[in-house]
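S.K.: Provided herewith is a single structure, encoded as structure tokens, for subsequent inquiry.
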Amino acid sequence: MAVYTDVSDEALRAFLAEYEIGDLLSCKGIAEGVENSNFFLHTEAGNFILTLYEKRVNEAELPFFINLMGHLARAGLACPQPVRNRAGTALGRLCGRPAAIVTFLEGVSLSRPNAGHCRALGAALAGLHAAGRDFRMRRENNLSVGAWRPLFEQAEGQADTVAPGLAARTRADLDVLEASWPKGLPSGVIHADLFTDNVFFIGDDVSGLIDFYFACTDAFAYDLAISLNAWCFDADGTFHRDKAGAMIAGYDAVRRLEPAEIAALPILARGAAMRFMLTRLVDWLNVPPGALVQPKNPLEYDRRLAFHRGAKDARDYGWTPTP
């Protein structure tokens, strides 16, 4: 279970007394997630999610995430809305950790999305980008191309113990990415972590987007590339062109992609795969004793990188120009 901080009944009830959400009826730890401790709360006022932000989260950046969720919710995006306490603040402290309560969203995440789900996700992602256009706070992407080589240097000496040749492949990819990473693309608030478990569906419709704790200011098309990697590949590296084409079409129907974004899609997708391969690789090689969460396999993204190396243009990702 991904709950790193135990919360006593007494501490929880004292914390909740600061909010106007009624008496606590039940509380249950949530197994999903790898960064923070999350709890499902059922109170007299309804259902909520309580998050305790653990040590890997920079506390100084929490106002960005909290304010962003509030802004997006007010703009009509289906995402968690922070609940403010009686003092009017959305951030408190519980068991020595920064903590927040957000509204609960109905729906289920999908382990095997189809092309229709991918189209709906593309449209929802474009809606997120549109809703965040006038959000005034900024947060630089500290896991963009400039961070990848320092990340790799943490793991370079052991990379070949994970897979033969991984170190050489990664060095070569980094050389290409650093030399050709696009600049000047349309940018704004991006989610930067929109995996299938961060999207809820009711039937075939997106009912909510969650987990904004990697959100930052970066290129919109890079966010789309992250989702293409997360939604359109199997674990063995098989790429589903129909899903990717549907996702791009769904996005483009809401926010028209510019020619420069379309041209940059292969390098952006390659970079997105590198970002997640590297963070997974570092975690894989540094599992602490007694870890509560099994790190994710970096080789899933190594296999995706193999596909991206052979991609020539956006048509390899299912892009079909529309008149």
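S.K.: What shape does segment 156-301 take by its C-alpha gyration tensor, where a ≥ b ≥ c are the square roots of the eigenvalues and a/c under 1.5 counts as rounded, a/b above b/c as prolate, and the rest as oblate?
M.R.: oblate
S.K.: Which value, in debye to the nearest 20, gives the size of the charge dipole of segment 115-317 about its Cα centre, when Lys and Arg are +1 and Asp and Glu are -1 at the Cβ?
M.R.: Here segment 115-317 has a charge dipole of around 340 debye.
S.K.: Also: At what distance in nm do the modelled label points of ARG256 and ALA172 sit from each other, each positioned 7 Å from its Cα along Cα→Cβ?
M.R.: According to this spin-label approximation, the distance is 4.0 nm.
S.K.: Would you mind giving the three semi-axes, in whole Å and largest first, of the ellipsoid equivalent to the chain according to its Cα gyration tensor?
M.R.: Ellipsoid semi-axes (Å, largest first): 34, 24, 18.
S.K.: Tell me, what ³J(HN,Hα) does each residue in segment 45-55 have, in order and in whole Hz, if you take phi through Karplus 6.51 cos²θ - 1.76 cosθ + 1.60 with θ = phi - 60° and put x for Gly and Pro?
M.R.: For segment 45-55, the Karplus curve yields 8, x, 10, 9, 10, 9, 10, 9, 8, 7, 5 Hz.
S.K.: Can I ask one more? By how many nm would the segment from ALA306 to THR89 lengthen if fully extended, with 0.36 nm per residue of separation less the alpha-carbon distance?
M.R.: Length gained, ALA306 through THR89: 73.4 nm.
S.K.: Run through every distinct alpha carbon pair of segment 116-191 and return the Kirkwood hydrodynamic radius in angstroms, one decimal place.
M.R.: 15.4
S.K.: What share of all Cα pairs of segment 183-268, in percent, falls into each consecutive 10 Å distance bin?
M.R.: Pairs per bin, as whole percents: 16, 49, 32, 2.
S.K.: Enumerate the calculated ³J(HN,Hα) couplings along segment 188-197 in order (Karplus 6.51 cos²θ - 1.76 cosθ + 1.60, θ = phi - 60°), each rounded to whole Hz, writing x wherever the residue is Gly or Pro.
M.R.: Ordered by residue, 3J(HN,Hα) equals x, 5, 10, 6, 6, 7, 8, 7, 4, 6 Hz.
S.K.: Turning to a different aspect of this structure: Reported to two decimal places, what Rg/Rh ratio describes segment 1-143 when computed on Cα atoms with Rh from the Kirkwood expression?
M.R.: Rg divided by Rh gives 0.97.
S.K.: Neighbouring Cβ atoms within 10 Å as the yardstick, rank ARG149, ARG303 fewest first.
M.R.: ARG149, ARG303
S.K.: If you don't mind, another one. What are the ³J(HN,Hα) couplings of segment 160-166, residue after residue, when phi is run through the Karplus curve with 6.51, -1.76, 1.60 and θ = phi - 60°? Round to Hz, x for glycine and proline.
M.R.: Computed from phi, the couplings for segment 160-166 are 6, 6, 7, 7, x, x, 4 Hz.
S.K.: What do you get for the angle between helix 259-284 and the principal long axis of the chain? Use alpha-carbon atoms, 0 to 90 degrees, nearest ten.
M.R.: Result, in degrees: 60.
S.K.: What length, rounded to one decimal in nm, is gained on full extension from ARG112 through to VAL287, with 0.36 nm per residue of separation minus their alpha-carbon distance?
M.R.: This chain segment gains 60.2 nm when fully extended.
S.K.: Enumerate the amide H contacts of SER207 below 5 Å, restricted to partners 5 or more residues apart or on another chain; note that Pro and chain-start residues carry no placed amide H.
M.R.: PHE200, PHE201, ILE202
Bear in mind that the values in this text are calculations on the coordinates, not laboratory data. Computed from a predicted model, the values in this text were never measured in an experiment. FYI the Cβ positions are ideal-geometry reconstructions off the backbone, even for glycines, and counts take in every protein chain you see.
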